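Reading through the structure tokens given below for one structure.
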Amino acid sequence: MEYAVWLGLFLPLAGFLILTVSSHYIGRRLTGWIACFTILMAFICFASLLLIYTHADMTPQSFTLYNWIPVDKIQAGFTVRLDPLSLVMTLIITGVGFLIHVYSNGYMEHEEDFVRYFAFLNFFVFCMLLLVLAGNLLLLFVGWEGVGLASYLLIGYWYHRPAAAQAATKAFVVNRIGDLGFLLGLLLTFHLFGTGDIAEISDRAGKEFAMGAPVLGLLTLLLFIGAVGKSAQLPLYTWLPDAMEGPTPVSALIHAATMVTAGVYLVVRMHPVFMLTPSTLHLVGAVGGVTSLFAALCAVGQTDLKRVLAYSTVSQLGLMFLACGIGAFYAAMFHLTTHAFVKALLFLSAGNVVHMMHGTTDMGKMGGLSKVFPKTHWLFLTGVLAMSGIPPLAAFFSKDLILEQEYLAGFEVLFFIALAASLLTGFYLTRAYCLAFTGKSRLEDHVLKAVKEAPPVMLIPVSILAFLSIAGGLLGFAFGKTPILEGFLAEVGVTLAEKEPSNIFLSPETWLSILIAVIGVGTAALIYTQWADRLRQPFAFLTRSFYVNELYWKGIVVPLKALSRFIANFFEPKVFDGSIQAVTYTAQGVSRRLQEVQSGQIRSYVAWMVVGTVILIVYLVI
Amino acid sequence: MTIANATQWILAIVLIFSSLGIVLARKPVHACLSFLLTLLSLAVLYLQLSAPFIAVMQVLVYAGAILVIFMFVIVLFQDAHAQIDKVQANSAPLFLTFAAGAFLASLGFLGSRLIGIEASKDKLFEGYGSVEALGKALYVDFFFPFEAVVLLFLIAVIGALYIGKKEI
Amino acid sequence: MDLSLIIFVSMAMFAIGIIGVLVRRNALIFFLSIELMLNAGNLLFVAFSRQWGNQIGLVWVFFVLVVAAAEAAVGLAIIINLFRSKQVVDVDQYNLLRG
């Protein structure tokens, strides 16, 4: 059984290496086959692990490959932890990842550099698996950095486009800021506990520190900063909308389903420690809530189809952090799962449109595409309705669970913020759908004629995702008894904050959330089908996301650039080079002085000897 | 003030003046003659100090051989001696002066510690300083250094011959 | 017998010899000053041998004499060589061994 874990973990890495070394020899079909095959095999490994785990009644355990850093204070081994939480995450990663790999075969068929894409994609899956399977914080950090790197490589896939290259750099740099927090938290962990093993830390944190201990608060705060960077929350979210410069399957996989959820996963994984620090949890919840509302507002004003979905991702991640903030970790995980399905569905169906229209993502150039894309538009509509929270589609259950937990735990303000965010979610998603698919076409006729429906290789994965979006709610919801997912995850303590009412349809706030969702969807549908022409221009400050990017540019980047210019042009030549030159000159000067001693003059030598004699005499006499 | 003492005083004054003469002479021939005077008065001083053999050796070797060689070489270079004053000195005079002054000071310091050293109580044995006694000491007690010095002398002779040879 | 005078004279001769080495530029007088220093040392040896009452000092003087003779011979040969190559007797001009 141990071999299944290692096989599943390292198969994507093997795929990456094979594709890298043989990139010149193998053709496209073989590349696609290899890439998809590795991920499929990894999925099968983890699925079989799941079956074994549930049927053999196993307990969470760790497997160590080798002792990586056997230093006294940092007991970091290459340890993999197998428990329900990591199993859920690996299944999502490999499952959705496999579907996206298959989809990419169709999406990237016009590309020259086919192999590089799939190699990086495999590398990404490996790093993400490493992240979720890591039993050790240091190993988790390796995977953390790896997915950041993969994200950079894939966003900047079309590197000859300056916008893409800049977006990739921005993603990496903003991530790095978060990683600094993570690294400091990591060092603090080593300092406090002397080990990085997550299971051990979770065990000992409660025993060694009191509830609300400041040093633990600092630790969780630092880890949360890392999560903020990776999961694109305020104030480190600016990289995610720009990351849409990458290919759409990349956006689907990395920036919707898996990488950005790494932050949520971190918080859930370290939840025993987080539960001990209520102040940090409050901060988590507050950041999540504000971010979700903020991003939802920005999404309302976007003209680019993929950016709407990007801001939607930020908003939904905010909801997940909101759930974590009140201690309802299971709700966050459930929403993570359904969000993975639904967001991937949305992105891939949008990708269908983008691909068949040869790269256009501006909704101002779309419209009336439902006639051209008969199947895709149904898929997109499914995704829109699911995300908005219309029952009985998947995300309704998860989002409703979050709202309910907020309400029951008594966090009134956060509840209303989440409600407002849900309203706006329905609004902007439906707006996107209407602008793109309904109404009169804003394209010229001849362009419209050239566009046709996507090929099956791109449609089938999307359809599978649509099915999962519809049926996925059953994973976490069941009438009357404990749902499958909840029971599964309860083993590691990932539970809810408050007890779930037995029948949710009896509670008033459920009906309230359904009502809100319907209002959101309906309003947008109404506005953008009837009055699309008049209200097409959104507010500028919403489109520019409240000018946060400009703020960062003026406030941080420009001073930094000035500082580095100062250092490079003035400080470095004068001070660093100057000090080295000073050493040289000093040495030369001293040697020149010393050279003059050896003048070749006999009398000077005799004088030196006399001086020596004098010293000797004085020494001997005294 | 005994006779020995008076002799010593006179010889001391002569010695000092003749050594000053060596160092301060304008022409090198004059310096050489001053050297001769120094050597001779030293020989008398040795005699006064009960070392007859050494006195004779001094006259024979130093005054008879070394001084003569010096005179020969001075005469050989007689044209070059005057030209020295025409060229600027190359060594730093300040440093030389400082060294000389320091040395004088230290010698004075040393000398101040050595005042009042008494001689032995005249218990010289019979034949002290004579040829037989010294010869016995050389050939019996200090035979190895004696032979070594002889060898050194041989090497010096050969070396001097070789160095002074004119290249053909 | 009081040896203070001899010691004083010997030290004076030695000092004069050193000053002669430092001050004079003529190579031959330079050498002569060195011989003067050697003689000063000889005087001291004889005087202290007289004080101790054994002949070790005298034996030493004998050796110093021999060595001084050898050194004078070789040194003068060198000076002759130098004169042949440089055509001057000025010690300050013999500075080819500079660093």
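The values are calculated or read from the model by the stated rules, or taken from the named source; none is laboratory data. Predicted model, so just to flag it, every value in this text is computed and none were measured. Every residue, glycine among them, receives a Cβ derived from its backbone with ideal geometry; neighbour counts consider all protein chains shown.
At-a-glance table
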read-out	value
Where a residue in the range B:21-41 is at the interface with another protein chain (Cβ under 10 Å from one of its Cβ atoms) and touching a residue at least 60 places away in the same chain (Cβ under 8 Å) and its partner, wherever it lies, is among the charged types (D, E, K, R) and in a helix (DSSP H, G or I), with Cβ under 6 Å and at least six apart	none
Search result, residues across the range A:143-175 that are buried (at least 16 other Cβ atoms within 10 Å of the Cβ) and basic (K, R)	A:K170
Criterion violated by C:K86 - all others in (1) under 30 Å from B:A12 (Cβ atoms); (2) more than 7 Å from every other protein chain (Cβ to nearest Cβ) satisfied	(1)
Criterion violated by C:M11 - all others in (1) in contact with a Leu (Cβ under 9 Å, 6 or more places away or on another chain); (2) surrounded by 20 or more Cβ atoms within 10 Å (Cβ to Cβ); (3) over 26 Å from B:F125 (Cα atoms) satisfied	(2)
Subset of the range B:10-20 [free of Cβ contacts under 8 Å to residues at least 12 places away in the same chain and more than 7 Å from every other protein chain (Cβ to nearest Cβ)]	B:I10, B:I13, B:F17
Hits in the range C:36-51 - residues which are more than 7 Å from every other protein chain (Cβ to nearest Cβ) and among the aliphatic types (A, V, I, L, M)	C:M37, C:L38, C:A40, C:L44
Restricting the range A:107-118 to residues that are assigned to a helix (DSSP H, G or I) and closer than 26 Å to A:S349 by Cβ, the residue that is modelled with the lowest pLDDT	A:F114
Test: residue in the range A:66-77 that is outside any helix (DSSP H, G or I), of a type in the set (F, W, Y) and surrounded by fewer than 17 Cβ atoms within 10 Å (Cβ to Cβ)	yes
From the options A:A256, A:A210, A:A243, residue that is in contact with a Lys or Arg (Cβ under 6 Å, 6 or more places away or on another chain) and either assigned to a loop (DSSP other than H, G, I, E, B) or under 25 Å from A:V308 (Cα atoms) (or both)	A:A256
Matching residues, the range C:52-61, being under 16 Å from B:P52 (Cα atoms) and at the interface with chain B (Cβ under 7 Å from one of its Cβ atoms)	C:G53, C:Q55, C:L58, C:V59, C:V61
Criterion (touching a residue at least 60 places away in the same chain (Cβ under 8 Å) and at the interface with chain C (Cβ under 8 Å from one of its Cβ atoms)) met by exactly one of B:L114, B:L152, B:L124	B:L124
The one condition in (1) touching a residue at least 12 places away in the same chain (Cβ under 8 Å); (2) under 25 Å from B:L138 (Cα atoms) that C:F14 fails to fulfil	(2)
Residue within the range A:526-535 that is at pLDDT below 80, of a type in the set (A, V, I, L, M, F, W, C) and in a helix (DSSP H, G or I) present	yes
Selected residue (criterion: nearest to the chain's Cα centre (by Cα)) from residues of the range C:18-35 that are among the small types (G, A, S) and within 7 Å of chain B (Cβ to nearest Cβ)	C:S33
Selection count, the range C:42-82, where residues are without any contact (Cβ under 8 Å) to a residue 12 or more places away in the chain and either in a helix (DSSP H, G or I) or within 17 Å of C:F31 (Cβ to Cβ) (or both)	16
Residues within the range B:94-111 that are more than 7 Å from chain C (Cβ to nearest Cβ) and touching a helix residue (DSSP H, G or I) at 6+ places or on another chain (Cβ under 9 Å), tallied	9
Residues located in the range A:567-585, provided they are surrounded by 11 or more Cβ atoms within 10 Å (Cβ to Cβ) and either under 35 Å from the mean Cα position of the chain (by Cα) or under 18 Å from A:L234 (Cα atoms) (or both)	A:I567
C:F14 being among the aromatic types (F, W, Y) and away from chain A (no Cβ under 14 Å)	no
Scope the range B:68-92; condition assigned to a helix (DSSP H, G or I) and at the interface with chain C (Cβ under 9 Å from one of its Cβ atoms); matching residues	B:I69, B:F70, B:F72, B:V73, B:I74, B:L76, B:H81, B:Q83, B:I84, B:D85
Index of the failed condition, A:V125 passing every other in (1) farther than 14 Å from A:F16 by Cα; (2) buried (at least 24 other Cβ atoms within 10 Å of the Cβ); (3) hydrophobic (A, V, I, L, M, F, W, C)	(1)
Residue tally, condition touching a residue at least 60 places away in the same chain (Cβ under 8 Å) and buried (at least 24 other Cβ atoms within 10 Å of the Cβ), over the range C:29-41	0
Count of the range B:11-33 residues which are modelled with pLDDT of 90 or more and loosely packed, with under 13 Cβ neighbours inside 10 Å	1
Qualifying residues in the range A:586-614 (those that are surrounded by 12 or more Cβ atoms within 10 Å (Cβ to Cβ) and either among the aliphatic types (A, V, I, L, M) or in contact (Cβ under 8 Å) with a residue 12 or more places away in the chain (or both)) - the one farthest from the other protein chains (Cβ to nearest Cβ)	A:M609
Residues of the range C:1-11 satisfying the condition of being of a type outside the set (A, V, I, L, M) and facing chain B (nearest Cβ under 7 Å)	C:D2, C:S4, C:F8
Boolean, B:I54 is within 7 Å of another protein chain (Cβ to nearest Cβ), in contact (Cβ under 8 Å) with a residue 60 or more places away in the chain and in a helix (DSSP H, G or I)	yes
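To keep it simple, each residue is scored yes or no on (1) over 21 Å from A:E404 (Cβ atoms); (2) of a type in the set (F, W, Y); (3) crowded, with 24+ Cβ neighbours inside 10 Å.
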position: A:D304; (1), (2), (3): yes, no, no
position: A:A310; (1), (2), (3): yes, no, yes
position: A:L317; (1), (2), (3): no, no, yes
position: A:A331; (1), (2), (3): no, no, yes
position: A:H339; (1), (2), (3): no, no, yes
position: A:F347; (1), (2), (3): yes, yes, yes
position: A:A350; (1), (2), (3): yes, no, yes
